[in-house]
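Peer 1: Below is one structure. I have some questions about it.
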Amino acid sequence: MSEKTREYPETPGRVYFFGTCLIDLFYPEAGLAGIELIRREGVEVVFPQGQTCCGQPAWNSGYRDQARQVARAQLDCFQDPLAVVVPSGSCAGMMRHHYPQLFQGDADQARAIELSGRVFELTEFLVQVLHIQLQDLGPPTRVALHTSCAARREMGVASDHLQLLQQLGNVELVEPERKEECCGFGGTFAIKHPDISAVMVHDKAAAIRDTGAEQLVSGDCGCLMNIHGHLQHQGAGLAAEHIASFLWERTHGAD
Amino acid sequence: MALTKAEFGQGVRSALDDPQIRQNFRSAMDGLIRKRLSAFPDPDKLERLRLEAAEIRAKALSRLPDLLQQLEHNCTRNGIQVHWAETVEEANQIVLGIMQRHGATRMIKGKSMVSEEMGLNHFLEQHGIECLESDLGEFIIQLVGEAPSHIIAPAIHKNRFQVAEIFRDKFPDIPYTDDIEQLTRNAREILRRKFHDAPVGLSGVNFAVAETGTLCLVENEGNGRMCTTIPPVHIAVTGIEKVVERLSDVPPLLDILVGSATGQPITTYFNMISSPRRPGEQDGPEEVHLVLLDNGRSRIYQDEELIATLRCIRCGACMNHCPVYTRIGGHAYTSTIPGPIGSILEPQKKGLDQLGVLPTASTLCGACGAVCPVRIPIPQLLNRLRFEGVSKQSGKVPGAGSQRKRSEAAAWALWSWVHSHPALYRLATSMAGRLRGLLPNRIGAWTRVRTAPRLAARSLHQLMAREQKRS
C-alpha cells in the first residue's frame with residue numbers, strides 16, 4: 001500500500017496541523033516540535049482547536065458509526081483546502097486511506113475523499129514537500145529507529161523517517177533485528193490480547209536493547225508508549241522520543 | 001462449539017508458555033521469510049506477478065458459476081466423475097460411498113486441507129476405514145493424533161528431536177535416529193508398502209482448470225503422485241473456489257504460489273491429472289473422482305468485499321509473516337486454517353458466533369496483506385469482520401452481532417460523544433491533565449509489563465491556545 005507514486009505539491013504558505021489524541025494528551029512536546037519544524041521552513045501552521053481524534057480506535061474495533069461521528073468532526077474542522085500534516089503514520093493512514101471507506105455511501109463521502117487527498121504524515125511532508133535540510137547541533141549519539149507498521153506499510157514513509165535521521169551528522173543509526181515486525185501495540189489489541197502483546201513488545205524491546213542504542217526514536221506515539229513503557233518497566237535506561245522532538249532538539253540551537 | 005475469548009486465551013497461554021513451541025515457530029518462520037525473499041529478489045517484478053495473480057484469481061471468481069459448470073463438463077468428458085457437496089457431511093458421505101462401492105477399508109492420503117476441513121479421517125475411521133497420511137509432516141502428526149499447525153508445513157511445531165522421539169515411540173523396531181535424512185528414509189520405507197496396498201488414494205487440488213478439465217497438484221515429496229497414480233481409485237477433494245479459467249493461468253499462479261510458500265523456483269513434483277487410465281496405458285487409476293465442496297463458500301462469493309477471501313491459493317505466506325501466528329502457532333486458533341487467512345476465512349464459514357474472536361487476534365500490522373501473492377486485503381477484511389461481529393445491522397456473515405457486548409458498545413458511544421464535541425473534549429482533557437496526580441499507576445494488563453503512560457500537565461490544545469493568546 002506504500003505510495004511510491006504520490007505526487008507532491010509545491011511548498012505551501014500555510015498548513016493545518018492535526019496533533020492526534022495521543023500527542024495531545026501524552027506527548028504534547030512532540031506536537032510542538034513538529035509545528036516548529038514546519039514553521040522554521042517558512043510555512044505558517046494552523047492548529048484548529050476543534051480537532052480531537054481521527055476515529056481510528058473505534059474503526060479498528062468494528063464500531064463504525066461511532067468512528068464516523070468522530071471523523072465527521074474532523075471533516076468540519078479541516079475545511080479549508082490546506083495540507084493536513086499528521087505526526088503519526090497510524091492516524092495519517094486512517095485519514096488518508098480509511099476515511100473514504102468509512103464514509104462510503106454517506107452524505108459526507110465527497111468531503112472525506114477530498115480531505116484524504118491532502119493528508120500527509122509529518123516526515124513525509126518534511127522530506128517530500130518541504131525538502132528540509134537539517135544541521136545536527138547535538139552531541140554524538142547512537143539511535144535505534146522503530147518505524148510503525150502504518151508508517152511503513154500503509155503510508156509508505158519508512159524511507160522518509162530514515163532520510164531525516166541520516167541528515168544528522170552526529171547520529172549513528174543502528175538497525176534492530178526484525179525491524180519490520182510489529183511491536184505488539186495494535187491499539188485495543190494490547191488490551192484484548194495482553195499475553196500476545198506482552199511477548200511481542202518484549203521481543204521488540206530486546207532487539208532494540210541489543211543494538212546498544214542510547215535512544216529510541218519513532219514516528220508513532222502508540223509504539224513509543226508500548227516499547228518505552230516496557231523498557232521502563234524493565235528498568236532499562238534507554239531514552240525514547242517522538243521523531244519530531246528528536247529532530248527539533250538536535251537542530252534548533254539556543255535561541 | 002464456539003471458541004470463547006477465554007478459551008482462545010488459554011490456548012494462547014499454553015503456546016506462549018512452551019519455549020519449545022515458540023522457538024520452533026520462530027526459527028521455522030524466519031527461514032520461510034528468508035526463502036521467500038530470495039525467491040523474489042526484484043520487488044518490482046514481484047509486484048507485477050502479484051498483480052497478475054490477483055487478477056487471474058479475481059476474474060475466475062467473478063465467473064465462478066460458469067467456470068464450475070465448464071469444469072464439470074470438461075472433467076466428465078475426460079472421464080473424471082464429478083460430485084457436488086454443499087456441506088462437509090455431504091462430502092464425507094460421497095467419499096464413503098465411493099469407498100464402500102469398492103469394498104475398500106484403507107485409504108492413502110496426500111496432503112489436503114479440505115479433507116481436514118471435512119474431518120474426513122475421523123469420519124472414515126468411524127466407518128471402519130483406515131486413513132493413512134502420506135505427506136511426511138501429516139504422517140508425523142497423525143502418529144500423535146494432532147492437527148496440522150501450518151497449512152504447508154503441518155508438523156512445523158515439532159523439531160527433529162521431537163520427531164525422533166515420536167518415531168522411537170511408534171516404531172520401536174527401527175533403530176533410533178535424529179538425523180533428518182534417515183528419519184525421512186524410515187518414513188519412506190514404511191509408506192512405500194502402504195502405497196502399494198491401498199485400494200484408494202485421496203488428494204487435494206491446487207488449481208482446477210475449467211477449459212481443459214485438468215486437476216493440478218503441487219507437491220515436493222512425490223507422495224501426491226503416488227496417491228494419485230498407484231491405487232486403482234483416486235478421489236480428489238477441493239473447494240469450489242479453486243477453479244481457474246484457462247491452462248495459461250496456471251504458470252503465473254504456480255510461480256507465485258511456490259515462491260511465496262517455500263521460496264523454491266518450482267516444486268519437485270507438479271501433477272496435472274486429466275483423466276483416469278485410458279485403454280492401452282500402463283499405469284494410473286482406473287477411476288478418478290472430483291468432489292467439489294461448497295461449505296459456505298458460495299455465501300462468501302456473494303459479498304463484493306469478502307469474495308476476495310476466496311482468492312487464496314494456500315501458500316501460507318501470511319502466517320509465516322504474521323507476528324501473532326509466529327508467537328502462538330497454529331493450534332491456538334483451533335480452526336482448520338490458522339493465521340491471518342484463517343482468521344478471515346474460518347469465521348465466515350463457521351460463523352462469527354463460533355469464531356468471532358479470531359478477527360480480533362491481529363494488530364492489523366499489515367504484514368499479511370503486504371506479502372499475499374494474490375493481494376487479498378486481509379487487514380481490511382479483518383476490520384470488516386470485527387464490524388460484522390459487533391454490528392447491530394444483520395450482516396451477510398453468519399453470527400453477525402454475536403460479539404457485541406453492551407458495556408463495550410456503551411464505552412464506544414461515550415467515547416464517540418466526547419470526541420465529536422470539541423469543547424467537551426477540551427474540558428475533559430484539561431480536567432484529566434489537572435487531576436493527573438490522582439490517576440492510577442496500574443491499569444489492567446497494560447502495566448503488567450509496562451509502566452503507565454503519564455498524562456502531560458498541559459495538552460497540545462492548551463499549549464497552542466496559550467501561544468495564540470500571547471501573540
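The values are calculated or read from the model by the stated rules, or taken from the named source; none is laboratory data. This structure is a prediction, so every number in the text was calculated from the model and none was measured. When we count neighbours, we look across all protein chains shown, and the Cβ atoms used for this are built from the backbone with ideal geometry, even at glycine.
Peer 1: Determine which member of the set B:Ile344, B:Ile307, B:Ile328 is within 24 Å of B:Val243 (Cβ to Cβ), crowded, with 23+ Cβ neighbours inside 10 Å and outside the structural domain of B:Lys45 (by TED's automatic domain parsing).
Peer 2: Details: B:Ile307 fails: crowded, with 23+ Cβ neighbours inside 10 Å; B:Ile328 fails: within 24 Å of B:Val243 (Cβ to Cβ).
Answer to the check: B:Ile344.
Peer 1: Same structure, new question: Just checking, how many residues over the stretch B:321-349 are closer than 18 Å to B:Gly389 by Cα and not in a helix (DSSP H, G or I)? If you could, list the steps in order and put the result at the bottom.
Peer 2: At the first step, the residues of the stretch B:321-349 found to be closer than 18 Å to B:Gly389 by Cα are B:333, B:335, B:340-349.
Okay, now just the ones that are also not in a helix (DSSP H, G or I), so B:335.
Qualifying residue count for the region: 1.
Peer 1: Please go through the stretch B:220-245 and pick out each residue that is part of a loop (DSSP other than H, G, I, E, B), out of contact with any Lys or Arg (no Cβ under 9 Å at 6 or more places or on another chain) and within 22 Å of B:Cys372 (Cα to Cα).
Peer 2: Residue satisfying the conditions is B:Asn220 alone.
Peer 1: Another question, then. Filter the stretch B:191-214 down to the residues that are among the hydrophobic types (A, V, I, L, M, F, W, C), in contact with a Cys (Cβ under 8 Å, 6 or more places away or on another chain) and not in a loop (DSSP other than H, G, I, E, B), then identify the one that is surrounded by the most Cβ atoms within 10 Å (Cβ to Cβ).
Peer 2: B:Leu202
Peer 1: In addition: Kindly check whether there is at least one residue in the stretch A:175-182 that is buried (at least 24 other Cβ atoms within 10 Å of the Cβ) and either assigned by TED's automatic domain parsing to the domain that holds A:Lys204 or in contact with a Pro (Cβ under 7 Å, 6 or more places away or on another chain) (or both). Quick ask: steps written out before the conclusion?
Peer 2: In the first step, residues of the stretch A:175-182 are kept if they are buried (at least 24 other Cβ atoms within 10 Å of the Cβ); the result is A:182.
Within this subset, residues satisfying the condition of being either assigned by TED's automatic domain parsing to the domain that holds A:Lys204 or in contact with a Pro (Cβ under 7 Å, 6 or more places away or on another chain) (or both) are A:182.
Within the stretch A:175-182, one or more residues are buried (at least 24 other Cβ atoms within 10 Å of the Cβ) and either assigned by TED's automatic domain parsing to the domain that holds A:Lys204 or in contact with a Pro (Cβ under 7 Å, 6 or more places away or on another chain) (or both).
Peer 1: Provide a single number: the residues in the stretch B:429-471 that are of a type in the set (A, V, I, L, M), under 48 Å from the mean Cα position of the chain (by Cα), at the interface with another protein chain (Cβ under 10 Å from one of its Cβ atoms) and in a helix (DSSP H, G or I).
Peer 2: Number of matching residues: 3.
Peer 1: Among (1) more than 9 Å from every other protein chain (Cβ to nearest Cβ); (2) assigned to a helix (DSSP H, G or I); (3) touching a Ser or Thr at 6+ places or on another chain (Cβ under 8 Å), there is one condition A:Ser245 misses while meeting the rest; what is its number?
Peer 2: (3)
Peer 1: Taking the stretch A:182-205 only, how many residues are in contact with a Cys (Cβ under 8 Å, 6 or more places away or on another chain), not hydrophobic (A, V, I, L, M, F, W, C) and not in a helix (DSSP H, G or I)? Walk me through it before giving the result.
Peer 2: The initial filter retains those residues of the stretch A:182-205 that are in contact with a Cys (Cβ under 8 Å, 6 or more places away or on another chain), namely A:182-183, A:185-186, A:200-201, A:204.
Cutting the leftovers down to not hydrophobic (A, V, I, L, M, F, W, C) gives us A:186, A:204.
Remaining after also requiring not in a helix (DSSP H, G or I): A:186.
Adding up the residues that qualify gives 1.
Let's see how each residue does on (1) surrounded by 21 or more Cβ atoms within 10 Å (Cβ to Cβ); (2) within 30 Å of B:Lys242 (Cα to Cα); (3) at pLDDT 95 or above; (4) of a type in the set (Phe, Trp, Tyr):
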position	(1), (2), (3), (4)
B:Ser362	yes, yes, yes, no
B:Gly366	yes, yes, yes, no
B:Cys372	yes, yes, yes, no
B:Gln380	no, yes, yes, no
B:Arg386	yes, yes, yes, no
B:Lys396	no, yes, no, no
B:Gly399	no, yes, yes, no
B:Ala409	no, no, yes, no
B:Ala413	no, no, yes, no
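Peer 1: Another question, if that's okay. Out of the stretch B:368-389, which residues are among the hydrophobic types (A, V, I, L, M, F, W, C) and either within 7 Å of chain A (Cβ to nearest Cβ) or more than 16 Å from the chain's Cα centre (by Cα) (or both)? Quick ask: steps written out before the conclusion?
Peer 2: Of all residues in the stretch B:368-389, those among the hydrophobic types (A, V, I, L, M, F, W, C) come to B:368, B:370-372, B:374, B:376, B:378, B:381-382, B:385, B:387.
Once the filter is applied, which keeps residues that are among the hydrophobic types (A, V, I, L, M, F, W, C) and either within 7 Å of chain A (Cβ to nearest Cβ) or more than 16 Å from the chain's Cα centre (by Cα) (or both), the stretch B:368-389 yields B:Ala370, B:Leu385, B:Phe387.
Peer 1: Somewhere in the stretch B:310-317, is a residue in the same structural domain as B:Asp135 (by TED's automatic domain parsing), part of a loop (DSSP other than H, G, I, E, B), on the phi < 0 side of the Ramachandran plot and out of contact with any Phe, Trp or Tyr (no Cβ under 9 Å at 6 or more places or on another chain)?
Peer 2: Narrowing the stretch B:310-317 to residues in the same structural domain as B:Asp135 (by TED's automatic domain parsing): none.
Looking through the stretch B:310-317, none of the residues is in the same structural domain as B:Asp135 (by TED's automatic domain parsing), part of a loop (DSSP other than H, G, I, E, B), on the phi < 0 side of the Ramachandran plot and out of contact with any Phe, Trp or Tyr (no Cβ under 9 Å at 6 or more places or on another chain).
Yes/no per residue for (1) farther than 27 Å from B:Gly137 by Cβ; (2) aliphatic (A, V, I, L, M):
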site: B:Thr214; (1), (2): no, no
site: B:Leu217; (1), (2): no, yes
site: B:Gly222; (1), (2): no, no
site: B:Val237; (1), (2): no, yes
site: B:Val243; (1), (2): no, yes
site: B:Leu253; (1), (2): no, yes
site: B:Leu257; (1), (2): no, yes
site: B:Gln282; (1), (2): yes, no
site: B:Thr309; (1), (2): no, no
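Peer 1: Go through (1) buried (at least 22 other Cβ atoms within 10 Å of the Cβ); (2) more than 26 Å from B:Leu215 (Cβ to Cβ) one by one and return the number of the condition B:Leu143 breaks.
Peer 2: Here B:Leu143 meets the rest and fails (1).
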